[in-house]
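Okay, so here's the structure we're looking at.
The values are calculated or read from the model by the stated rules, or taken from the named source; none is laboratory data. Just so we're clear, the structure is a prediction, and the values are computed from it rather than from any experiment. Cβ sites come from the backbone with ideal geometry, for glycine too, and all protein chains shown count toward neighbours. Ligands, DNA and RNA are excluded from the accessible area calculation, which covers all protein heavy atoms including side chains. Shrake-Rupley method; radii C 1.70, N 1.55, O 1.52, S 1.80 Å.
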Amino acid sequence: MRPFITPVPDLPTPARPAARPTAVIYCEGNFTKIDGKTANGLVRSSERYRIVAVIDSTHAGHDAGVALGGEHAGIPVVATLTDALAAVADGATVASVPAPLPNALIFGLAPLSGLMSAGDREAVLEAVTAGLDIVSGLHEFLNDDLEIATAAAISDVVLHDVRRPHATKDLRMFDGAIDTVDCVRIAVLGTDGAIGKRTTSTLLTKALNDAGIHTVMVGTGQTGLMQGAKYGVALDAIPAQFGVGELEGAVVAAWEGEHPDVIVIEGQGALSHPAYLSSTVVLRASRPQAVIMQHAPARTMLSDYPDVPMPLAATEVALIEAFGKTTVIGLTINHEGMTPAEVDAAAILYEAELGIPATDALWRDPQELVVMVTDAFPLLLAPLAQPTEIR
C-alpha cells in the first residue's frame, strides 16, 4: 500500500488564532456570489490564515461577515490592495484583535474555467510586487507562469498552487485500505456544484466535536485545504486513474492519525451533474455508511449551466443510495433566495416527502445536525453517557 502524502505541505500549519499568518483575499466583482465561494468560505471559517480584508470594489465599505448575511466579522471589504494595506495599517481589527500587515494574498475566486482574467493577473502581480505570498486554487499554476514566477523570485515571495497534484510516481491507486477504517463515515453530497457542501461539512464537523463526538473532516477542494483541513486532496485536479486512490488515502490517513468517532467527507459537484464526476469518486473512495445531502430549493437551474434544470431532491437521494450503496440520513438546505419562513416550510415538506430530517446548517441550531447523525448512529451517544471518572 503506497502511503498517503500530505496534499499541500507548503501551506502554513493551522495554529492558535493569534499565531496564524494574515491574509487579504482577492475576490473582485464576485464576493458573496457563487464564483466567490473560496472567499466566502474563508471569511466564514479559516484555521490556517487570519483574514484581515477582502478586495471587491462592488462591496467596498461593508463588513465581510455582514455582506455574507451573517454577523459582523471585523473584516473590511475594500476596493484595492492599496486600500487593504491602508485599512490594516490604520488599525483594522479582526474579532477585536489588532491585525498586523498581511503575509499573503489569497486568490478567492473559483471560476468555472479555473483561469485568471487579465485584471486578476494584474492584481496578482501587484500583490507579488508588494511582497505578499500568493495562495491560489486555480487550475493554471502560478509557478508555471514565467512572468509571475520571475516577479515572485525578485520579490522573494512564495507562490502556493493549492491544486497542483503530486508527481505521478507519488500518486496512489485504490487498494481497498478504506475497509480498515473502523469509524462512521459521512459524505456531504448535493444536488449541484457551489451549493454549500463544504460549509455544511465544516459546520457539521464543529457541531459534532462540540457535542463531544470526536470528528475529523476530509477536504476535497481547494477552499477546504486553504481553510485548514488537515487531511484531503484537491480532487478535481487529480488524474482520473488516481482520484479514488488519493481520496481513499486521505480518509485512511485521517483514521490512522486521529482514530475519530466520525469522519466527514466533503462532497464535490453532484452525482447527477452532467459535467462533474467527482461525487462518484467521493462515494467509491470513502464508502460512506451515510450521506447528508445539500439542496437549494429556490435554485431552478444548475449554477454554472443555466440551461440545465436542477434535479429534484427525491431523485438525487434515490440516485445516491443506488450508486453508493449507502443511506441518505438527512437533508440540509441552502437558503439562497429564501426567507427564514420559507426555509422552515421547506424543511417540513422535505421531511414529509423524504422521511428524513431537514435543516439549514447556517440559519438553524447546529444541534439539529448532531441529532441527524446520532439518530442514525445511536452508538455514538454511548461514550457520552459514561460517568466522568473522579480523581
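Between rounded, prolate and oblate, where does segment 270-391 land on the alpha carbon gyration tensor, with a ≥ b ≥ c its root eigenvalues, rounded for a/c under 1.5, else prolate if a/b exceeds b/c? Oblate. For the chain, adding -39500 (n - 2.57) for each run of n ≥ 4 DSSP H residues and dividing by the number of residues yields -10000 deg cm²/dmol at 222 nm. Extension gain, residue 57 to residue 80: 0.36 nm times the residue separation minus the Cα-Cα distance gives 7.6 nm. Based on protein heavy atoms only, the chain ends up with 43 Å² per residue of surface accessible to a 1.4 Å probe.
Local charge for residue 318 was computed over the other residues whose Cβ lies under 14 Å away, with Lys and Arg +1 and Asp and Glu -1, and equals -2.
Can you say what percent of the DSSP beta bridges in the chain, counting only those with both residues inside, are antiparallel? Round to 5.
10 percent
Here, P(r) means the percent of Cα pairs in each 5 Å bin from 0 to the largest distance; for segment 178-249 it is 3, 15, 23, 27, 21, 10, 2, 0. Projected onto their three principal axes, the Cα atoms of the chain cover extents of 62, 55, 51 Å, largest first. The C-alpha atoms of the chain define a longest principal axis, and helix 146-155 lies at about 70 degrees to it. Given R0 = 51 Å, the distance between the Cβ atoms of residue 156 and residue 342 translates into a calculated FRET efficiency of 0.45. So how tilted is helix 313-324 from the main axis of the chain? Cα-based, degrees 0 to 90, rounded to 10. So the inclination is approximately 80 degrees. Comparing 24, 188, 158 in a Gaussian network model of the chain (Cα springs below 10 Å), the most mobile by mean-square fluctuation is 158. Carbon-plus-sulfur accessible fraction, the chain (probe radius 1.4 Å, protein heavy atoms only): 56%.
Relative contact order for segment 219-342: what is it in percent, counting Cα pairs under 8 Å that are at least 6 residues apart?
Relative CO of segment 219-342 lands at 21 percent.
Taking Lys and Arg as +1 and Asp and Glu as -1, the other residues whose beta-carbon sits under 15 Å from that of residue 144 total -1. With an a/c value of 1.5 or above and a/b larger than b/c for the gyration tensor axes a ≥ b ≥ c computed over the alpha-carbon atoms, segment 53-170 is described as prolate. Report the gain in length on full extension from residue 206 to residue 363: 0.36 nm times residue separation, minus Cα-Cα distance, nm rounded to one decimal. Full extension of this stretch gives 55.0 nm more.
With the charge dipole of segment 218-342 set up from +1 on Lys and Arg Cβ and -1 on Asp and Glu Cβ about the Cα centre, the Cα lying farthest toward the positive end among the listed residues 303, 263, 225 is that of 263. Extension gain for residue 305-residue 379 works out to 22.5 nm (0.36 nm per residue, less the C-alpha to C-alpha distance).
Under the simplified labelling scheme, the residue 169-residue 16 pair shows an inter-label distance of 4.2 nm, with each label point 7 Å from Cα along Cα→Cβ. In a simple Cβ point-charge model (Lys, Arg +1; Asp, Glu -1; nothing else charged), the chain has a dipole of about 700 debye relative to its Cα centre. Comparing 36, 212, 330 in a Gaussian network model of the chain (Cα springs below 10 Å), the most mobile by mean-square fluctuation is 212.
May I ask you to list the aspartates and glutamates whose Cα is less than 16 Å away from that of residue 325, ignoring any residue fewer than eight positions away on the same chain? The qualifying aspartates and glutamates are 179, 316.
Electrostatic tally near residue 22: other residues with Cβ closer than 12 Å to its Cβ, Lys and Arg +1, Asp and Glu -1, net +2. With respect to the chain, whose longest principal axis is taken over its alpha-carbon atoms, helix 118-129 is tilted by about 70°. Can you list the lysines whose alpha carbon sits under 20 Å from that of residue 33, skipping same-chain ones fewer than 8 residues off? Partners within reach: 197.
With loop membership from DSSP and a limit of 11 other Cβ atoms within 10 Å, the longest segment of the chain without GluC sites (Glu not before Pro) is 72-388.
In whole angstrom, how far apart do the alpha carbon centroids of segment 201-236 and segment 36-51 sit? Segment 201-236 and segment 36-51 have Cα centres separated by 13 Å.
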